[in-house]
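Visitor: Here it is, the structure, as structure tokens.
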Amino acid sequence: MMKTLAKALKQFAADLIFPNRCLSCLKVIGWKEYFCPECEGELKPSDGCCIKCGMKVCECETQSFSYDGCVSCVFYESSARQAVLNLKEGEIFGCAEYFAPIISEKLKSCGYAASADIVTCVPMGKKRIRKSGVNHSAVIGKSVAKSIGIDFSDKLIVKVSDDLIQHELSAQERRTMVKNAFAPAKNVESIDGKTVILCDDILTTGSTLSECARVLKSMGAKKVYCAVIAVTRFDKEKYGSKNPAGT
Ligand SMILES: [Zn+2]
Ligand SMILES: [Zn+2]
């Protein structure tokens, strides 16, 4: 009993002094750290992905994407997967802080940041914003914009359809479902001739990002480059109709 109490008090004190937790396993870690060493060691940088479609196995020849390029930080697996799931549950700011500088470095090295005028994000449906209180893609977008040194706006496009449980859909079903799910926002600032960076958390089939890019281009955007935290590595053909990630 005393031991349990002592342990609880110790934990409570630690939380007061260091309320900083690993973005993935939520273990208490030191200030200015984002992951515990184990989880950080599990992160797999998504090097070698196509810088156009963003995929591990390039789909530029077999699919058409409305965006002009896509960069990611890590593969959506192990500690990165858990961190992205936590992000959706509210562990947002640390995740954005940790990954935004990596995203902006990638955007710079691909030559996408140099011409960029504005950063935006995949909009979330009103229902989901009400539930979680915040659009995590907007938080990522804001951090990326700050990191590159350009403006951020989450007022360019809106989600017009209700949120769908996308992970239960096949790649083909997703493409059909996201069609016309987004629209230009009303009274929006002009993005005519501008290059837009579009942020989200995960890249799976590219259908959501592509649809948002299509809307941005219908509004006059010259180029749209996507930036995500994590990309799925799985082979959709082999995987079949069940996808392990969100968008
Ligand atoms: Zn951890
Ligand atoms: Zn490609």
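The values are calculated or read from the model by the stated rules, or taken from the named source; none is laboratory data. Bear in mind that the values here come from a model prediction, so they are computed numbers and not experimental data. Every residue, glycine among them, receives a Cβ derived from its backbone with ideal geometry; neighbour counts consider all protein chains shown. We work out accessible area using only protein heavy atoms, side chains counted, and drop any ligands, DNA or RNA first. Shrake-Rupley method; radii C 1.70, N 1.55, O 1.52, S 1.80 Å.
Visitor: Which of the residues belonging to segment 33-59 are part of a loop (DSSP other than H, G, I, E, B), more than 15 Å from ligand 2 (Cβ to nearest atom) and within 17 Å of residue 232 (Cβ to Cβ)? Before you say what the answer is, go through the steps one by one.
Guide: Start the filter on segment 33-59 by keeping residues that are part of a loop (DSSP other than H, G, I, E, B), which leaves 33-36, 43-44, 46-59.
Then keep just the ones that are more than 15 Å from ligand 2 (Cβ to nearest atom); that gives 33-36, 43-44.
Selection gives 43, 44.
Visitor: Report, by residue number, each residue of segment 60-100 that is surrounded by 24 or more Cβ atoms within 10 Å (Cβ to Cβ), without any contact (Cβ under 8 Å) to a residue 60 or more places away in the chain and not in a helix (DSSP H, G or I).
Guide: None; the set is empty.
Visitor: Separate question: Every residue in segment 208-225 that is outside any helix (DSSP H, G or I) and either surrounded by 24 or more Cβ atoms within 10 Å (Cβ to Cβ) or more than 20 Å from the chain's Cα centre (by Cα) (or both), please. Before you say what the answer is, go through the steps one by one.
Guide: Let us first name the residues in segment 208-225 that are outside any helix (DSSP H, G or I), namely 219-225.
Selection gives 219, 220, 221, 222, 224, 225.
Visitor: How many of the residues making up segment 101-123 are assigned to a helix (DSSP H, G or I) and open to solvent by less than 40 Å² (accessible area, probe 1.4 Å)? Reasoning before the result, please.
Guide: First, the residues of segment 101-123 that are assigned to a helix (DSSP H, G or I): 101-109.
Subsequent filtering for residues that are open to solvent by less than 40 Å² (accessible area, probe 1.4 Å) retains 103-104, 107.
Here the count works out to 3.
Visitor: Residues being of a type in the set (D, E, K, R), in contact with a strand residue (DSSP E or B) (Cβ under 8 Å, 6 or more places away or on another chain) and farther than 12 Å from residue 231 by Cβ: count how many of those fall in segment 41-59. Please lay out each step first, then the result.
Guide: Within segment 41-59, the subset of a type in the set (D, E, K, R) is 42, 44, 47, 52, 56, 59.
When the remaining residues are screened for being in contact with a strand residue (DSSP E or B) (Cβ under 8 Å, 6 or more places away or on another chain), the result is 44, 52, 56.
So of that shortlist, the ones also farther than 12 Å from residue 231 by Cβ come out as 52.
Counting residues in segment 41-59 that are of a type in the set (D, E, K, R), in contact with a strand residue (DSSP E or B) (Cβ under 8 Å, 6 or more places away or on another chain) and farther than 12 Å from residue 231 by Cβ gives 1.
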